[in-house]
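Here is the structure we will look at, set down as C-alpha cells.
Laboratory data are not the source of any read-out in this text; all were calculated from the coordinates shown. All values reported here derive from a predicted model rather than from experimental measurement. Neighbour counts run over all protein chains shown; Cβ positions are idealised from the backbone, glycine included.
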Amino acid sequence: MSETGCPVCGYPNCVELNADGEATYDLCPCCGFESGVDGIGRDREERNSDLRQRWLAGGALWWSSARPAEPGWNAADQLRAAGLTPDDDPS
Ligand SMILES: [Zn+2]
C-alpha cells in the first residue's frame, strides 16, 4: 500500500507521515483523521481499519465544512483508488 494519502479514507491530499516517518499532524478534511493524534500507541493497521469502519458506518460523509469536497467527490471511488475497498459499498 502507498504511504501517501489518508491511511483511513484514502484522501490523496492528506499526509500522515513526512519523509522522516514522523506524524505531520495533518487533519484530513475528508474523514477527520488527525495524524499523530488519533490512535497513538496502537497498531497502525488495526487503528486505520477501525477508524475506516467508523467513518463508513457513519455514511462515509465528507467531514470538513471549512474545506469542502471537490465537485463529484465519491467516497467509494476514493477508497477504490487508494486500494482501501470498503466491505460494503456506501453508494
Ligand atoms: Zn481521511
Pairs of Cα atoms under 8 Å, at least six residues apart: use those to get the relative contact order of the range 1-87, whole percent.
29
Between 0 and 90°, nearest 10: helix 44-57 axis offset from the chain longest Cα axis:
20
Around W63, under 12 Å between beta carbons, what's the net of Lys plus Arg minus Asp minus Glu among the other residues?
+1
Let me know the Rg and Dmax you get for the chain when you use only its Cα atoms, in Å.
12.3, 37
Determine the shape class of the range 21-72: with a ≥ b ≥ c the square roots of the Cα gyration tensor eigenvalues, call it rounded for a/c under 1.5, and otherwise prolate if a/b is greater than b/c, oblate otherwise.
oblate
